[in-house]
Amino acid sequence: MAELLLVDEPAQHVRQLTLNRPEQLNAMTSELCEELHVALRAITAERACRAVILTGAGRGFCAGLDLHGYGAAPENDGSDEPRDRLANQEHMSRLILALRALPQPVIAAVNGPAAGFGLALALGSDIRYAATEAVFRAAFINIGVSNCDMGVSWLLPRLIGASRSHELMLTGRRVDAEEAERIGLVADVVEQSRLLERALESAEQIAALAPWGVRLTKRGMWSALEISCERAAVEYEDRQQIMATFGGAVPEAIGAFLQKRPADFSD
């Protein structure tokens, strides 16, 4: 039986997670979702890992939930249907929160359709690159339920603005790669053959930086989206910046600049 999630190391300090249900366009099941939870927990504790690439095998990124059936979250036992349904919902939605909580930046290499759960995975990542074949869609509404799901109603307006988000959420229409770049949903669009290369370029740039500074920056950027005023954001930044000055990164960066050599940051 094929592995549902492939875990690779395409470069030093970089992990690549590949959803591996290509015949189903990597549609999400409880088994695949749990594999992702396990992988993210392992990466969280792996200080040598500095960046993560998330992509899909075959011609799809993630087409959403498997309509043949999601399955059951690990703790479900069939004895209480409301509890089990909520457990399934939380098993899925907590995965999007786990992407944000991961200390390392996550780069989504969207190689094909990213609909429903797949859109949420892309939005929950820190950087998004798309192949020309990529398609994005808030698809929950097309199967009769709310499009406000998996954090999409919180993430999408913060990434592309409320006006565009309302239109996409209420119509459930498809967004191709060109439009996704134009509205700021993705950072770049490249040919399919160059997508992983493009993602790896950024991952290696991140991996070459001081890990503590990168982790604080990721945390600070997401936190700033929830801070209500500039003064509070600056107060948060002040304390974060002082934390960043402890350790060896700053002396190493200054020494490397003065000696005209590349900096070598430890884990």
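Being surrounded by fewer than 14 Cβ atoms within 10 Å (Cβ to Cβ), in contact with a helix residue (DSSP H, G or I) (Cβ under 8 Å, 6 or more places away or on another chain) and either in contact (Cβ under 8 Å) with a residue 40 or more places away in the chain or in a strand (DSSP E or B) (or both) is a property that does not hold for P10. Contact map, segment 160-186: first residue at positive phi, second residue charged (D, E, K, R), Cβ cut-off under 9 Å, separation 6 or more or different chains; pairs are G172/R137; G184/R164.
Residues considered: R94, R173. Of these, the only one that is farther than 25 Å from T44 by Cα and modelled with pLDDT of 95 or more is R173.
Residue pairs whose Cβ atoms lie under 6 Å apart, separated by 6 or more positions or on different chains, with the first residue in segment 127-149 and closer than 21 Å to I183 by Cα and the second in a helix (DSSP H, G or I) and among the acidic types (D, E), do not occur. Of all residues being touching a helix residue (DSSP H, G or I) at 6+ places or on another chain (Cβ under 8 Å) and not β-branched (V, I, T) in segment 188-210, which is modelled with the lowest pLDDT? Just the residue, please. The qualifying residue modelled with the lowest pLDDT is A210. The single residue among G220, G184, G213 that is small (G, A, S) and not in a helix (DSSP H, G or I) turns out to be G184.
Answer yes or no as to whether L97 is aliphatic (A, V, I, L, M), within 14 Å of the chain's Cα centre (by Cα), part of a strand (DSSP E or B) and assigned by TED's automatic domain parsing to the domain that holds I183.
No.
Residues satisfying the criterion are absent from segment 198-207 (criterion: assigned to a helix (DSSP H, G or I), over 24 Å from P105 (Cβ atoms) and assigned by TED's automatic domain parsing to the domain that holds A134). Evaluate segment 90-99: report whether one residue or more is free of Cβ contacts under 8 Å to residues at least 24 places away in the same chain, surrounded by 13 or more Cβ atoms within 10 Å (Cβ to Cβ) and closer than 23 Å to A138 by Cβ. Yes, segment 90-99 contains a residue that is free of Cβ contacts under 8 Å to residues at least 24 places away in the same chain, surrounded by 13 or more Cβ atoms within 10 Å (Cβ to Cβ) and closer than 23 Å to A138 by Cβ. With respect to E226, determine if the residue is in a loop (DSSP other than H, G, I, E, B), within 25 Å of the chain's Cα centre (by Cα), at pLDDT 90 or above and not basic (K, R). When the stated conditions are applied, E226 passes them.
Would it be correct to say that R215 is buried (at least 16 other Cβ atoms within 10 Å of the Cβ) and outside the structural domain of R128 (by TED's automatic domain parsing)? Answer is yes for this residue. Filtering segment 231-267 to residues that are surrounded by 14 or more Cβ atoms within 10 Å (Cβ to Cβ), among the aromatic types (F, W, Y) and free of Cβ contacts under 8 Å to residues at least 24 places away in the same chain leaves only Y236. Annotation: of all residues in segment 124-167 being within 20 Å of W222 (Cβ to Cβ) and of a type in the set (S, T, N, Q), the one that is surrounded by the most Cβ atoms within 10 Å (Cβ to Cβ) is S125.
The values are calculated or read from the model by the stated rules, or taken from the named source; none is laboratory data. A quick note: this is a predicted structure, and the numbers were derived from the prediction, not measured. No Cβ is skipped: glycine too gets one built from the backbone with ideal geometry, and neighbour counts run over all protein chains shown.
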